[in-house]
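To start, the structure itself, in structure tokens.
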């Protein structure tokens, strides 16, 4: 219980820090908004059920009785109201809720996902230099996204469903890029796993080498696609550098549906990941189903990383620097390290994106994370703070 209390204490403190970073970030931009106004805007947007109203009208509200005409049936409608009504400028409310908050929350979720996956990869490979891209997830996502940008095709169709009638299943260009990036990431990760697996066993060293080989091959594919890009090259470069501009509440919702459940799954295997640090033979002797645990950790890490990069593009150093930094602070126990690193990753990416969009020219967020992460990592190397796990 002591370790879980320690994890809860650290996680609570870092969750509060993340909330503070979100509030401060939402107030920074061409239009400055005080933090108190940001909080009021968010509270005003919250709604709770306030009751049910019954109305009539429409086809669903009318029934027909044989021989006696029609019978009007009241149709229930749920009513929602905000318990808060703080006075705030309408323009501030729209800027916070429609422009800044979706982008900030998407940054928090993506940073959370990348840092969580990086923590697992560093423990899985027992290597502080490991990050989510080591199993080809980022390269696969890049190939899928770039391929769709270079060779776009119609993803729209109309199907007729019972009761609903004609339904348009079309996807916008942005949604198509995200979908192909997600699929490409999963195909690359599971392809690396298939290459490295023999007779039901997946040696970690073989998995690492397979990941390097697949990343190299996919890098060549990306280079070829860039040569064929023509006028689309600028869009490709922007995606490869990482971006969060134009984030929507739909993207936030989709990411929020995927990331938290996968994180809970990773957290459930934190103890087994601790045991794997001792070596596979020792872990097997202590009752851990090594191969099953490795499969679950790899699959969950690949999925949570794919969910992050699908909408945000390739963002480096979050999954490398943040877990390593938190390991120096809270120690190597993944029951504490995993939640603290994930929350810190969310705060780090929100802060980096705030820097990226601050000023007259917006920078790709991947440029900021690399500019901050690389010197910090060099500093750790010079201070000899890169330890064995």
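Meeting the requirement of 1 or more residues that are modelled with pLDDT under 70 and loosely packed, with under 12 Cβ neighbours inside 10 Å, the strands (runs of 3 or more DSSP E) wholly within segment 36-111 are 48-55, 62-64, 70-72.
Scanning segment 153-197 for residues being in a loop (DSSP other than H, G, I, E, B) and at pLDDT below 75 gives a total of 12. The condition of being under 23 Å from residue 151 (Cα atoms) and under 23 Å from the mean Cα position of the chain (by Cα) holds for only one of 218, 233, 225, that being 218. In the set (1) farther than 29 Å from residue 289 by Cα; (2) modelled with pLDDT under 90; (3) touching a helix residue (DSSP H, G or I) at 6+ places or on another chain (Cβ under 6 Å), the condition left unmet by residue 141 is number (2). Checking each residue in segment 1-35 for being at pLDDT 90 or above, surrounded by 10 or more Cβ atoms within 10 Å (Cβ to Cβ) and part of a loop (DSSP other than H, G, I, E, B) picks out 27, 28, 33, 34. Just to be sure before I move on: is residue 259 under 30 Å from residue 296 (Cα atoms), touching a residue at least 60 places away in the same chain (Cβ under 8 Å) and assigned to a helix (DSSP H, G or I) in the structure I sent? The answer is yes for residue 259. Evaluating residue 127 against the criteria (1) surrounded by 14 or more Cβ atoms within 10 Å (Cβ to Cβ); (2) modelled with pLDDT under 85; (3) assigned to a helix (DSSP H, G or I) leaves one unmet condition, (3).
A quick yes/no check of all residues on (1) surrounded by 14 or more Cβ atoms within 10 Å (Cβ to Cβ); (2) touching a residue at least 24 places away in the same chain (Cβ under 8 Å); (3) touching a strand residue (DSSP E or B) at 6+ places or on another chain (Cβ under 8 Å):
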{"position": "225", "(1), (2), (3)": "yes, yes, no"}
{"position": "231", "(1), (2), (3)": "no, no, no"}
{"position": "245", "(1), (2), (3)": "no, yes, no"}
{"position": "264", "(1), (2), (3)": "no, no, no"}
{"position": "268", "(1), (2), (3)": "no, no, no"}
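When you check residue 363 against the structure, is it touching a helix residue (DSSP H, G or I) at 6+ places or on another chain (Cβ under 9 Å) and over 27 Å from residue 267 (Cα atoms), yes or no? Yes. Evaluating residue 274 against the criteria (1) touching a residue at least 60 places away in the same chain (Cβ under 8 Å); (2) over 21 Å from residue 204 (Cα atoms); (3) part of a helix (DSSP H, G or I) leaves one unmet condition, (2).
The values are calculated or read from the model by the stated rules, or taken from the named source; none is laboratory data. Just so we're clear, the structure is a prediction, and the values are computed from it rather than from any experiment. Counting neighbours? That spans all protein chains shown, and the Cβs are built from the backbone with ideal geometry, glycine included.
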